[in-house]
Amino acid sequence: MNIASLILAAGKGTRMKSKLPKVLHKVGGKAMVERVLETVQSLGTDKDVVIVGFGGNAVQDYLEGRAEFVRQEEQNGTGHAVKMAEPVLGFFDGTILLLCGDTPLVTKESLEALLKEHTASGAAATILTAHMPDPTGYGRIIRNEDGHVVRIVEQKDGKPEELAVQEVNTGMYAFDSKKLWPCLSLLSDDNAQGELYITDVVGILVNGGDKVSAYMTENFEESLGVNSRLQLAEAESILKHRKNVELMTAGVTIIDPDNTYVAPEVTVGSDTILHPGTVLEGNTVIGENCEIGPHTRLTNVTVGNNTVIHFTYGHDCEVKDGVDIGPYVHLRPNTVIGNKVHIGNFVEVKNSNVGEGTKFPHLSYIGDSDVGSGVNIGCGTITVNYDGKIKHRTTIGDGAFVGCNSNLVAPVTIGNYSYVGAGSTITKNVPDKALAVGRSKQIVKENWVTDDTFKKK
């Protein structure tokens, strides 16, 4: 089956009260239009077209290279938007999958079922519908006495008996490309909104003797269109619930699902425990038998097995097996934490490689460093990586011991199994198995304190 997707993303979204185009507001860490596009592309589409209008440049920049774009300079309804795509899709032979860029909850499974129904029925158009307990605001699916779809009635144009119908139009369709375009020239703006409705195509097809079919989603939440901040939060909540159910079903313990956020793309292994206040975002991957949280945020972080991370913020880094991290740790980009490393309270690690079994117990900054295995870094140690112009690296060999309150001024190398005395400022390389002490001589002035030393002047 040849499939082209057409995504409507031209609306202003005035109820969002935002300078940002509505479809660029994020749900689950991704712009709504991006989620819709990724879902349709997962079906193996041959061509993807996005209709842009308000904030069109921003939408194009966000989706650069992932679709073709068509401008709808004047927003005159959904039918008008589809007409704008005829120059790029008019010669396409196959099925045109029409969606809205503000419906981020639609699933691949529902779209697959829609396409299956479309093919099996031989219909000119197939509508994705939903049973809505409260259908207010949605177009209603009107069927004849035989149960066949005959038209769609918009909320503002419906009669009381039509508005009582609970089967609604989700705004998603599969069209026979050859049947679609002739219908668009027959659309009229003689309606409550004075616009060209794509929904009127259904009636035009039926009146012309063509069949229109429908597939009803199992979950009406998939049809939720986001038009306000309130609906944005609702969509976020639904996605969160879906993910939490998926994880718990797969063997992950979530202590407090209401206070745990896991983005849809995140992977979590079995027997891992997520404590309250955990936020897992982006392309984060968590291994098996880990404990994450409480109050931990990981963005684009890969975590191995049997690792504990609590009260920590990490982003764009890797943590391997058997690691113990926290509390109050910051793991910054391009950091790799090796197996069985311990990182204690108030430690920051940036752009560094840390070897197996190394310990940063507390109150240290390790930046732009290569730290070997079995290293012990004393409290208050700083790798001084910046000279005011460029950043330099620090190398600490296997088994080294760095005493408390030491400054390692890069570029510098601390050799294998060497010692740095507490309170040292090290500016020169230290060879293997050496002791380096770099601090000024202590001076004691006896009887320096007099009776009036602490008197207020």
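State which residue is farthest from Asn405 (Cα to Cα) when the search covers only the range 362-394 and only residues that are of a type in the set (A, V, I, L, M) and surrounded by 21 or more Cβ atoms within 10 Å (Cβ to Cβ).
Here is the first cut: in the range 362-394, the ones of a type in the set (A, V, I, L, M) are 363, 366, 371, 375, 377, 382, 384, 390.
Still in the running and surrounded by 21 or more Cβ atoms within 10 Å (Cβ to Cβ): 366, 371, 375, 377.
Details: Ile366: 13, Val371: 17, Val375: 16, Ile377: 10 Å.
Filtering the range 362-394 for residues that are of a type in the set (A, V, I, L, M) and surrounded by 21 or more Cβ atoms within 10 Å (Cβ to Cβ), the one farthest from Asn405 (Cα to Cα) comes out as Val371.
What residue, among those in the range 409-429 that are touching a strand residue (DSSP E or B) at 6+ places or on another chain (Cβ under 6 Å) and small (Gly, Ala, Ser), is farthest from Ser440 (Cα to Cα)?
Gly415
Identify, by number, the condition in (1) under 23 Å from Val36 (Cα atoms); (2) touching a helix residue (DSSP H, G or I) at 6+ places or on another chain (Cβ under 8 Å) that Glu167 doesn't meet.
All conditions are met except number (2).
Return the total of residues in the range 407-455 being part of a strand (DSSP E or B) and out of contact with any His (no Cβ under 9 Å at 6 or more places or on another chain).
Looking only at the range 407-455, we keep the residues that are part of a strand (DSSP E or B), and these are 407-409, 412-414, 419-420, 425-426, 430, 435-436.
Within this subset, residues satisfying the condition of being out of contact with any His (no Cβ under 9 Å at 6 or more places or on another chain) are 407-408, 413-414, 419-420, 425-426, 430, 435-436.
Result for the range 407-455: 11.
(1) more than 21 Å from Val347 (Cα to Cα); (2) surrounded by 17 or more Cβ atoms within 10 Å (Cβ to Cβ): which one isn't true of His315, the others all being true?
(1)
Residues checked against (1) of a type in the set (Phe, Trp, Tyr); (2) under 19 Å from Ile337 (Cβ atoms); (3) in contact (Cβ under 8 Å) with a residue 24 or more places away in the chain:
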position	(1), (2), (3)
Thr381	no, yes, yes
Thr394	no, yes, yes
Asn405	no, no, yes
Val412	no, no, no
Gly415	no, no, no
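Considering only residues that are touching a Leu at 6+ places or on another chain (Cβ under 8 Å) and charged (D, E, K, R), which ones fall in the range 61-120?
Those that are touching a Leu at 6+ places or on another chain (Cβ under 8 Å) and charged (D, E, K, R): Arg66, Lys83, Glu86, Lys108, Glu112.
Could you grab me the full set of residues in the range 1-27 that are more than 21 Å from Ala85 (Cβ to Cβ) and either at pLDDT 95 or above or among the aliphatic types (A, V, I, L, M) (or both)? Explain how you work it out, then say what you get.
Taking the range 1-27 and keeping what is more than 21 Å from Ala85 (Cβ to Cβ), we get 14-20, 25-27.
Scanning the range 1-27 gives Met16, Leu20, His25, Lys26, Val27.
Scan the range 51-79 and report the pairs whose first residue is at negative phi and whose second residue is hydroxyl-bearing (Ser, Thr, Tyr) and not in a strand (DSSP E or B), with Cβ atoms within less than 7 Å and a gap of 6+ or a chain change.
Matching pairs, first to second residue: Thr78/Tyr197; Gly79/Tyr197.
Being more than 17 Å from Ile292 (Cα to Cα) and charged (D, E, K, R) is the filter here; which residues of the range 241-255 pass it? Full working, then the answer.
To start, the set of residues in the range 241-255 that are more than 17 Å from Ile292 (Cα to Cα) comprises 241-242, 245-246, 249.
Of everything in the range 241-255, those that are more than 17 Å from Ile292 (Cα to Cα) and charged (D, E, K, R) turn out to be Arg242, Glu246.
Anything in the range 7-30 that is under 17 Å from Glu68 (Cα atoms) and in a strand (DSSP E or B)? List them, or say none.
Once the filter is applied, which keeps residues that are under 17 Å from Glu68 (Cα atoms) and in a strand (DSSP E or B), the range 7-30 yields Ile7, Leu8, Ala9.
Within the range 333-366, track down each residue that is farther than 17 Å from Thr307 by Cβ and of a type in the set (Gly, Ala, Ser).
Ser352, Ser364
Return yes or no: is Arg332 within 19 Å of the chain's Cα centre (by Cα) and more than 22 Å from Pro276 (Cα to Cα)? Explain how you work it out, then say what you get.
On the way: within 19 Å of the chain's Cα centre (by Cα): yes; more than 22 Å from Pro276 (Cα to Cα): yes.
So Arg332 fits the description; yes.
The values are calculated or read from the model by the stated rules, or taken from the named source; none is laboratory data. None of these values were measured; they are calculated from a predicted model. Cβ atoms come from the backbone with ideal geometry, glycine included; neighbour counts cover every protein chain shown.
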